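I have placed the structure first, in the form of C-alpha cells, so that the comments after it can refer back to it.
The values are calculated or read from the model by the stated rules, or taken from the named source; none is laboratory data. Because the structure is a prediction, the values reported are computed rather than measured. Here the Cβ positions follow ideal geometry from the backbone for every residue, glycine too, while neighbour counts run over all protein chains shown.
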C-alpha cells in the first residue's frame, strides 16, 4: 500500500497522471462510438441490405486483434506510430463495432404502432426521428453504451504496449519488476473508472428516460404485489 | 364531405387492395367501413390522410383534391385514432393530447390548457394528465387517443378499429362515449371495424366491403337490415344465423298485448310493446338512439 501513496502524485509518470491519460484515451471513443453508431444503426434498422453489410464489416473489424489495428490505423489515417490518437481511433472502431448491434436493435425495438401513429398525427420524418424513434430507442441504446463503456475502459490499457501511456503502464511495469502491488493498483483503478462511468451512464439514463423507469417500476411493483398475494 | 373517385390501390407484388372504389362520405355524419380482415377497409381509411396514396383515382375533401396538400400538413388537420391507442409511451398524457398542437407551434400554455379541456371532454380525470400512457388502463389509453385525435379541432376524425383491443364492457362504454361526442361535436367520422354490431350501432352510413374494397352494400343500418343486397351481406350481418331474424313467440304469454320475440334458434330476444292492443312504432334514427350519457371513469380502470 505504501507504494501506492508514494507514487500516486509523484513519480514519472505518477499514478494520477496515468489515470488522466487513461481517461483521455477512453472517454472520446465512448462518446464518438455512441454518436457514430446512431445514424449507422438507424440505417441498418431500416434497410436489410445495409444491416447485413454494416454488421458484417464491423464484426470483422471487431475480430481484428488490437495490435493489428494499432499498426493499421496510423497507415490508414496518416498518423505517427506513437500518436495517442491511434489508440483513440482503434478503440472507437471497437466501440462502434459493439455499439452498432445495440443501436440497430434499439431502433428495431421501437414499436411500429407508435411509429405509424406518429406519422398519422403529422410528425415529419425529422420530427419522428428526434421526437419519437431516438427517445424510444433510448433504453436499448443505454444498455449498449454501458457495455461499450466498460469494454473501452479495460481495452485502453493495451495502449501501454505500444508506448501510449495509460493505466496499462502499471501492468507492464509491474510485470517487468515483479511488483505485484503495481499490477493490483492498475486493476483496481480500471475497475473503479469503469464503475464510475457506469454510474454516470445509468444516472443519465434515469434523467433522460424518466418514462422508462416509471412504467417499468409500476410493472415491477405489480409483480411484487402478485407475489405478496401468493405468499399470503 | 369526402369523396372517393374511382380509387384503386395496386401494390408492387400485384395485390389489388382497392379496386375502382367510389363513394361519398357526408359531412357531420358517421360513416363506417366494415368488412373482414384484408378487405381493404384500413387502406381506404389511410388514404384519407395520405398515409397511403392511391395508384389511380382521386380523393377530395370539400371538393379539393388531397393530392395537392402536403401529407404532413393534411395529417395535422385530420384527427386519427387507432387500435392500441398509438400513444407515445415516453410522453405524458398531457403531452400526448397536445401533440398536434405542439407540432403546429401553438404556444405551450395554450396547448396544455386545451389538452386539459379535452381530457374533460373524453371523460378523463385531470389528475391523469401527468401520468405516462403505460400507467393507464387500456380503456383510459383509448380515451386519451380520442382526445389526441380531437386536439386540433379537426372537421374529420378517422378511427381505425379503435376499440378492437379493449374488453367488451369497456368497449360498450367507449362506443357510447363516441356517440355522445359525435352528438356534441358534430364531426365527420370515418370509422373502420370488422364488428357488424359496432358498425350498426355507430354508423349513420354503413358500407359493407368485400375483398378488394368492393362495396357489397351501402346504406343506413335499417336499410341494410331490411334488405340485404346479397347472400354475402345477409351472412355478414348475421341474418342467416338467425340472430337478427326475429319471430313472435307462440309459447309465452307476455303482459297484456305485448309480444315476445324469439330468434331463429328459438331463444328469447326481446319484447315488442303493444299498449292498448296496438303495436308501437319507433323511428330509426341513429342520432336519436338512446344511449347512456354517463361519463363514468371508474368502469374502465
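Quick notes on this one:
- Tally, over segment B:119-139, of residues that are touching a helix residue (DSSP H, G or I) at 6+ places or on another chain (Cβ under 9 Å), away from every other protein chain (no Cβ under 14 Å) and assigned to a helix (DSSP H, G or I): 6
- With respect to being touching a helix residue (DSSP H, G or I) at 6+ places or on another chain (Cβ under 6 Å) and more than 15 Å from residue B:214 (Cβ to Cβ), residue B:34 falls outside the description.
- Considering A:122, A:159, A:138, A:131, the condition of being within 10 Å of another protein chain (Cβ to nearest Cβ), farther than 30 Å from residue B:157 by Cβ and crowded, with 17+ Cβ neighbours inside 10 Å is satisfied by A:138 alone.
- The sole residue among A:14, A:84 that is under 23 Å from residue A:185 (Cα atoms), buried (at least 16 other Cβ atoms within 10 Å of the Cβ) and touching a helix residue (DSSP H, G or I) at 6+ places or on another chain (Cβ under 8 Å) is A:84.
Results for (1) within 17 Å of the chain's Cα centre (by Cα); (2) closer than 21 Å to residue A:137 by Cβ, shown as yes or no for each residue.
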| site | (1), (2) |
| --- | --- |
| A:37 | yes, yes |
| A:42 | no, yes |
| A:46 | no, yes |
| A:54 | no, yes |
| A:57 | no, no |
| A:60 | no, no |
| A:69 | no, no |
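- Entirely in segment B:186-301, the helices (runs of 4 or more DSSP H) that have 3 or more residues that are in contact with a helix residue (DSSP H, G or I) (Cβ under 8 Å, 6 or more places away or on another chain) and modelled with pLDDT of 75 or more: B:196-202, B:221-226
- Taking segment B:22-103 and the helices (runs of 4 or more DSSP H) fully enclosed by it, the elements with 3 or more residues that are closer than 27 Å to residue A:130 by Cα and touching a strand residue (DSSP E or B) at 6+ places or on another chain (Cβ under 9 Å) are at B:41-48.
- Residue A:43 vs. criteria more than 23 Å from residue A:93 (Cβ to Cβ) and in a helix (DSSP H, G or I): no
- Set A:164, A:200, A:181, A:193: member being assigned to a helix (DSSP H, G or I), within 21 Å of residue A:30 (Cβ to Cβ), touching a residue at least 60 places away in the same chain (Cβ under 8 Å) and away from chain B (no Cβ under 13 Å): A:193
- Pick from segment B:92-106, criterion over 25 Å from the mean Cα position of the chain (by Cα) and touching a residue at least 24 places away in the same chain (Cβ under 8 Å), ranking: nearest to the other protein chains (Cβ to nearest Cβ): B:103
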